[in-house]
Amino acid sequence: MDSQTETEALRRILHCEWGADEQVDWTAVEAHLHTPLPADYRAFMAVYGGGCIDDLIILPPLPTGNGWQASITDDAAGFRELWSTEGGAPGVELGADRVLPWGSGCNANELGWLMTGPNPDQWPVVVWRRHGNPHWALFDCGMAEFLRRLMTAEFDECPLSDLSLWGRVGTFVHHEEQERRFHAGLDPMTGEPNPYAGMFD
């Protein structure tokens, strides 16, 4: 499927009730990152924004200013250092400057793109699995397709070293809604009363 079709397929299973248009200035993003970003990711930011699918953090491109949500910009150096220290994906000769993160979490998995050329819609997904062997793995699909196939168990095996979203559709919550719930004494992801609210302020 093309990126638009894959984005629509993801929307059919992942509800966007708690999403929000991140209102990204893509010209500023491209100037800051020195590259355009894939169309499915840009569509995701317009429908869902940055936030979490359960324990999987989806990064917005630039810092949000509220301190609650990390971003691609925030995480890029660490992701690239991990690529350098772990030797990258098997059979891939590209250096650390050719990877860019878009997600993190689910028991310390790191997700990003391998920037194989000038067309971002052709970039495959690359994942660092904390408990994987090898740690790095490459998937010939975009972000939206990867998320859909993860939650519908359409890979040969779970692509992460965590099964929490394998074959199960999670709930997306935008970072601003998470922060609002937290300050209201609610669990940021479920919206239920948080018995530990205020204990660590």
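Below is a table of values for the structure above.
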| quantity | calculated |
| --- | --- |
| Dipole moment magnitude, nearest 20 debye, region 35-189 about Cα centre, only Lys, Arg, Asp, Glu C-beta charged | 140 |
| Residue order, fewest to most surrounding Cβ atoms within 10 angstrom, among L33, L150, L114 | L33, L114, L150 |
| Helix 72-86 axis, angle to the chain major axis (alpha carbon atoms, nearest 10°) | 50 |
| Rg(Cα) / (2.2 N^0.38 Å) computed for region 3-183, rounded to two decimals | 0.95 |
| Estimated dipole of region 22-76 in Debye, rounded to 20 [Cβ of Lys and Arg +1, of Asp and Glu -1, Cα centre] | 140 |
| Fewest-first sequence of C158, C52 by Cβ atoms within 10 Å of each Cβ | C158, C52 |
| Dipole of the chain [Lys/Arg +1, Asp/Glu -1 at C-beta], most positive-end residue of G103, A28, M45 | G103 |
| Choice from H175, H34, H131 showing the highest fluctuation, given a GNM over the chain with Cα pairs closer than 10 Å | H34 |
| Loop GluC sites (Glu not before Pro), region 1-79 (other Cβ atoms within 10 Å of the site Cβ: 14 or fewer; DSSP) | E17 |
| Distant-in-sequence amide H partners of W136 (H built 1.01 Å from N, under 5 Å) | R129 |
| Cα shape, region 1-70, gyration tensor, a/c 1.5 rule | oblate |
| For the chain, built as a Gaussian network whose Cα springs stay under 10 Å, the top-fluctuating residue of I53, I13, I72 | I13 |
| Average Cα contact separation per residue, the chain, under 8 Å, 6 or more apart, as relative contact order % | 21 |
| Tilt relative to the chain, helix 3-13 - C-alpha long axis, 0 to 90 degrees, to 10 | 40 |
| Given charges at Cβ of Lys, Arg, Asp, Glu: the chain dipole, positive-most of W113, W128, L59 | W128 |
| Structure-based [θ]222 nm, the chain - -39500 (n - 2.57) summed over DSSP H runs of at least 4, per residue, nearest 500 | -9000 deg cm²/dmol |
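Any read-out appearing in this document is the output of simple, stated calculations on the displayed coordinates, not a laboratory observation. Please read these numbers as outputs of a predicted model, since none were measured by experiment. All Cβ positions, even for glycine, are placed from backbone atoms using ideal geometry, and neighbour counts span all protein chains on display.
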